[in-house]
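Here the structure is laid out as structure tokens; the discussion comes afterwards.
FYI, it's all coordinate maths here, none of it is from the lab. These figures come from a predicted structure and were not determined experimentally.
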Amino acid sequence: MVDERRLGEQERKVPDWIRATFWGDHPDSLAPYVPSPLNIVREMLSLAGAGPNDVVYDLGCGDGRVLFTAVDEFKVAKAVGYELDMEMVEALEKRIKDLGMVGRVSVIQANFMEVDITKATVVTIYLTTSGNVKLRPKLEADLKPGARVVSHDFPVHGWVSDQPDGTPHTIGNHKMFLYRIPEAYTKEIKVQRTDEEEVRWRRVRNMFTRVERG
């Protein structure tokens, strides 16, 4: 099992005000360092249906909790993380060796926008709305049919999630969006309206139709 006590100690070392404002020292950082709680990590991997046939890529892997959980609890074939912070990468490399997970978990110090992610069958992200917008073209270009993308809290605008009405999966205040490749960007986005909204929309549409007809 993932050492929750150890991860909890690491989280407590990061003051809330730093979490709220820190965007990393690296100019390529797309999001602040805010680790997903372990119960959310598990739910994200569960939503994706992660299992022995999967290769999980965590883009912006932080302390590696997604990687270790994916291998230890979901028994995925391999978990790969990309992280800009060299100190975090070095700490993770040591932990991977200590846990005997070399070959099953790997972490790479690199900008994930510039690497090959074509081998990923599951991708997890916890970025921002703008970060997802920047990442979207790469996901569409690199990921193969059947791959799944799970985003914590922020949707990928322009994509269709697995929920018919576009609502996220939720646990408490946390939102999770599951996308399937290529359905996420090949399905038509349907706008869901209440009956009252539909009546108003029809009135507006009819009004413009009458104006156009003169």
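Assorted remarks:
- Each residue of region 142-159 was assigned a 3J(HN,Hα) from its phi angle through the Karplus curve 6.51 cos²θ - 1.76 cosθ + 1.60 (θ = phi - 60°); the sequence is 8, 6, 8, x, x, 5, 10, 10, 10, 10, 8, 6, 10, x, 9, 4, x, 9 Hz, with glycine and proline shown as x.
- For region 86-103, 3J(HN,Hα) computed residue by residue from phi via the Karplus equation (6.51, -1.76, 1.60; θ = phi - 60°) reads 5, 5, 5, 4, 5, 5, 5, 4, 5, 5, 4, 5, 4, 8, x, 10, 4, x Hz, glycine and proline entered as x.
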